[in-house]
Structures are given as C-alpha cells and as structure tokens.
Amino acid sequence: MRTVYLYNTLTRKKEEFVPMQDGKAGIYSCGPTVYAYAHIGNMRAYVFADILRRIMEYAGYDVTHVMNITDVGHLVSDGDDGEDKMEVGKRRENLDAWGLAEKYTEAFFAHAAKLHIQKPGIVCKATDHIPEQIAMIEKLEEGGYTYITDDGVYFDTTKFAQYGDMAKLDIEGLQSGKRIDDSGKRNKTDFALWKFSPKDAQRDMEWDSPWGKGFPGWHIECSAMSSKYLGDQFDIHTGGIDHIPVHHTNEIAQSECASGHAPFVKYWLHCEFLSMDDSVKMSKSKGDVFTVDTLAEKGYDPLALRYLYLTSHYRNPVKFSYGSLDAAAVTLKKLTRNILALRDAAEENVALSDKVKAYQERFATAVCDDLNTAVGLAELHALLSDNDLSDAEKYALATEFDLVFGFDFANMADESKEDAPPEVLDLVAKRDAARQAKDWAEADRLRAAIAEKGYAVEDTADGAKIVKAS
Ligand code: AMP
Ligand code: ZN
C-alpha cells in the first residue's frame, strides 16, 4: 500500500490518508442533477473523482465508489425557494419529470464514457431511496432537530453547534444579512428536509410521508444514500467547490445529528471550477449547453479534454479555450503515436532496471501527492524520450501509468495499421445500421461476431473505429 496525501477541506491541510478500514477506501461523489446535459465544467468534477478513484486503486486500496443521481428536489436557487430544476427542465422539453431524468441520466453516462470516466460501482438515484430519506428525517425529528412550516419540514441549524465549521461560515453575518424567504424558516441557514407538494397542483414526482405528500429536499438524499452504502462514517467525499457552503455543510449537519457520530466524512475533496474564455459560453439560454458532444461535433477527440484537465491540478481554476484544447489534442495524439510504436516490443513481466524504477517512484509519489497528474504526465513524457530505456520497459511503464490517466493507450486504434478485411468491414457497417435503428440486441450480436474475427469496434466521435484485438 502506498501512502496517499490528500488536501482536506475540513482542515485546509494536506493530510496523510488513513483509511477507516485497513486496505479499503469508501468514496462518495455528488452526482449530476439530471434536468439538462452536464456541461464540460460539470465533467471536470467527474474526471477529478475518476482520477481520485484510480489513484486510490493504484495505491493499493480496495475502493467502493458511490455516486448519486439527483433526479428530484434540487431547486433552482440551491436553497429552498424557487422551482425544482426537474420542473424547469420538463417544461422546456415536453417530457414528464421521469422521462426527463431518464434522458439526461443516459446522456450523462454516455458523455462520461467518452471521457473514459469509469462508472462508479454503486450509482444510486434519489427517487429510488425515498424510504431511506424519510427514515433519516424521522430520526432527526426524534432528536429534536426539526420543525414544520406550511412549506415543509426544516432542519434547525441552531441545534447543531458545529454548523458551518467546514465552510467557515460567518453564521451571525449570514443571519443578519439576507432576507428570509417566505418558506417560514426560523433562521437563514435552516434548510428543507421535506417539501410539501403545492396544494393546487399535482407534481410528477411526489410521495406520501408522515408529514404529508411531497418530496425530499436536495441535501437529504446524499446523507441517506451515503450512509446506506458506505456507513454512517466513511473516508472520502467529493464535489465541486460550490458545494462547500450549502450542500456539504448541510449534509454534515444532517448526518452527524442523525447518527450521533462525527466526523461524518474524514476527507472532503473539492474540485475548482472550469470557466470559459470570453469567446465561449458554457451554458447558454434555452437549455443549450456546451457538452462533450459539442466538442465531438467540432471534430475534437473528447479525450483531448481529459488530457487538458489532467494538465492542471484539480484545486486550480482552469479557463477553457480552444487554443488550450488544440494544444492538448496535438500532445495527446503524439503521445498515443509514441506509445503505440512501442506496442510490438511489449513483453510480459519485463525486468525493470533501476532507472525505470526511479521513473515509477517519481510518478507514484506525484500522483499520490494530492493527485498531481501534471507532474505524472511530465514523467510519462520524460520516460518516452529517454534513450537509455528499452522499448519494452517504456511500454510497460507507460501502460502502468495509464491505469491512473485512463486514456487506454494499449487499446487505441493504431492509425498506421492496415484496414480490417472486407468481411469485418461488412459486419461493422451492419452494426452501424443496427445502432442507427436503435436495435441494440442486433448491434451487440454483430459486435460479438466482429470479436470472433479478432477485431473490436470502438465508437468514437468520428464514427466506429476498428481495432485489431491484441
Ligand atoms: P450539478 O449537476 O449542478 O449538481 O453539478 C454537478 C457537479 O459539477 C457538482 O459537483 C458541481 O460542484 C460541479 N460543477 C458545477 N459547475 C462546475 C464548473 N464550472 N467547474 C467544475 N465543476 C463544476
Ligand atoms: Zn450531494
């Protein structure tokens, strides 16, 4: 097991990771709100969580990665007033809230796959865990942490002395500052655990509860599902920095008050924001969003975006521009070509010289030092241009580093190789047609037939690519 250091938002310090259970790491990542496409800023947060998971595995941990899908209860304001984002989305699309959630959950995972984000082992939807959320609210009620208004059941933040500690919130300043909304809240920082359905309208998503028909507040889903899958206390929680003052602050309050155990989470990791160059807008009006597919439509390999993310530290803000993406795309292409040129020299169980081991050590130290992927990439480039190393050594180490980077160099199409034989091309064309017709069973059958002939198809932004299986 390698030692991993992580910057913990709780302490504002880089700390040595000490797991709650030997050899295991539990990670919970706040997932997408599925009312629209995830933009490339959102996807930065998921590439970050993916890299974290891969590094923990590289370091030798047995990782349980959980991610939620927010398909109800996240209001436009991130607070307790305003509409549910799902309601806004459904009006835009002429779908009901369930159809909307399905459409954007599917799109999210399709985009994630194009960025080589591994699907977390446990993906859980808020709407599949209503009883768990109700049970947690009941526990909070029994503990005297709640009160009821005309609008819903609220958490009284004055009952939790540590409220806002992680975010270093100035509670007094907050209480005296903004106007309280008309939800009947007693304190500005109080938040909804359960919201009542409107009296005069029926929501697509609503459930009976001990307090009346309604739907859960946004924060309770993460507390309820994380404790279900990882326990009342677990190792690592991730999200973007915007989650620190409200969402994660509220999760800590609910979870610690409901379970009576602190800390709820040992290490809180937050990813900085991606912003856009003045010439590019990430989120336009009418639900028009800059996504992974927007890049693919412009002819970029989505993995160039992954490369771009990996060149900066997750705690630094990044400004997206086409210039930086172009540079990332060119570097990634060269890197791929260099690594594929070594593929024929690949050997199993290469004996590594001391010089190679030194690269390995520097790489591991960098990535285990709060996810320093930029230094890790620099080691990869240096390794490939080092004339003292054999091709087999270089290939072995490059593919090992790739366990963390996740480009999957070993299986990338080698553009210099000859085309596949006509019968394989014919099967690929038939599979394309089946996919067009959304006949997934037939497409899968054809994929298997292609595999039998020793080839694999990869669906890329430029269409299906055929790769000779190694
Ligand atoms: P949402 O779907 O709004 O719940 O957000 C999904 C994730 O994206 C959350 O972890 C946010 O913190 C994160 N996020 C939102 N905007 C950005 C951005 N511009 N850059 C990086 N992460 C972001
Ligand atoms: Zn969350």
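Which pairs do you get when a residue that is open to solvent by less than 30 Å² (accessible area, probe 1.4 Å), found in the stretch 336-351, comes within reach of a residue that is of a type in the set (S, T, Y), reach meaning Cβ atoms under 6 angstrom, with the pair 6+ apart or on two chains?
Partner pairs satisfying both residue conditions: L342/Y395.
So the check is Cβ under 9 Å with 6+ separation or different chains; which pairs have a first residue in the stretch 72-94 that's over 18 Å from E221 (Cβ atoms) and a second one that's surrounded by 13 or more Cβ atoms within 10 Å (Cβ to Cβ) and polar (S, T, N, Q)?
D81/S183
With respect to the numbered conditions (1) under 32 Å from the mean Cα position of the chain (by Cα); (2) in a helix (DSSP H, G or I); (3) in contact (Cβ under 8 Å) with a residue 24 or more places away in the chain, which one is the sole condition not fulfilled by A378?
Result: A378 fails condition (3) only.
Can you name the condition, by its number, that K185 falls short on among (1) more than 22 Å from A262 (Cα to Cα); (2) surrounded by fewer than 18 Cβ atoms within 10 Å (Cβ to Cβ)?
Result: K185 fails condition (2) only.
For D439, indicate whether it is open to solvent by 10 Å² or more (accessible area, probe 1.4 Å) and touching a helix residue (DSSP H, G or I) at 6+ places or on another chain (Cβ under 9 Å).
So D439 fits the description; yes.
Tell me the residue from G240, G231, G260 that is away from ligand 1 (no atom under 14 Å from the Cβ), assigned by TED's automatic domain parsing to the domain that holds K13 and open to solvent by less than 50 Å² (accessible area, probe 1.4 Å), please.
Going through G240, G231, G260 in turn, just one is away from ligand 1 (no atom under 14 Å from the Cβ), assigned by TED's automatic domain parsing to the domain that holds K13 and open to solvent by less than 50 Å² (accessible area, probe 1.4 Å): G231.
Okay, residues lined up against (1) closer than 30 Å to D22 by Cα; (2) in a helix (DSSP H, G or I); (3) out of contact with any strand residue (DSSP E or B) (no Cβ under 9 Å at 6 or more places or on another chain); (4) of a type in the set (A, V, I, L, M, F, W, C):
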residue: G60; (1), (2), (3), (4): yes, no, yes, no
residue: D80; (1), (2), (3), (4): no, no, no, no
residue: K103; (1), (2), (3), (4): no, yes, yes, no
residue: E106; (1), (2), (3), (4): no, yes, yes, no
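Answer yes if at least one residue in the stretch 76-85 is touching a Ser or Thr at 6+ places or on another chain (Cβ under 8 Å), open to solvent by less than 20 Å² (accessible area, probe 1.4 Å) and not assigned by TED's automatic domain parsing to the domain that holds R362, and no otherwise.
yes
Against the definition (at pLDDT below 95, part of a helix (DSSP H, G or I) and small (G, A, S)), how does G173 come out, yes or no?
The answer is yes for G173.
Which condition breaks for A296 when tested against (1) of a type outside the set (D, E, K, R); (2) modelled with pLDDT of 95 or more; (3) outside any loop (DSSP other than H, G, I, E, B)?
Of the numbered conditions (1) of a type outside the set (D, E, K, R); (2) modelled with pLDDT of 95 or more; (3) outside any loop (DSSP other than H, G, I, E, B), the odd one out for A296 is (2).
Scan the stretch 193-202 and give yes if some residue there is open to solvent by less than 10 Å² (accessible area, probe 1.4 Å), in the same structural domain as Y46 (by TED's automatic domain parsing) and more than 16 Å from ligand 1 (Cβ to nearest atom), otherwise no.
The answer is no, given that none of the residues of the stretch 193-202 is open to solvent by less than 10 Å² (accessible area, probe 1.4 Å), in the same structural domain as Y46 (by TED's automatic domain parsing) and more than 16 Å from ligand 1 (Cβ to nearest atom).
Tell me which residues, restricted to the stretch 256-268, are within 13 Å of ligand 2 (Cβ to nearest atom) and out of contact with any Asp or Glu (no Cβ under 7 Å at 6 or more places or on another chain).
V265, W268
I'd like the full set of residues that are within 10 Å of ligand 1 (Cβ to nearest atom) and assigned to a loop (DSSP other than H, G, I, E, B), limited to the stretch 1-36.
C30, G31, P32, V34, Y35, A36
Given the structure, is A110 closer than 19 Å to H219 by Cβ and either small (G, A, S) or open to solvent by less than 30 Å² (accessible area, probe 1.4 Å) (or both)?
No, not satisfied.
The values are calculated or read from the model by the stated rules, or taken from the named source; none is laboratory data. Just so it is clear, the model here is predicted, and its values are computed rather than measured. Note: ideal-geometry Cβ built from the backbone for every residue, glycine included; neighbour counts use all protein chains shown. All accessible areas refer to the heavy atoms of the entire protein, side chains included, with ligands and DNA or RNA removed. Shrake-Rupley method; radii C 1.70, N 1.55, O 1.52, S 1.80 Å.
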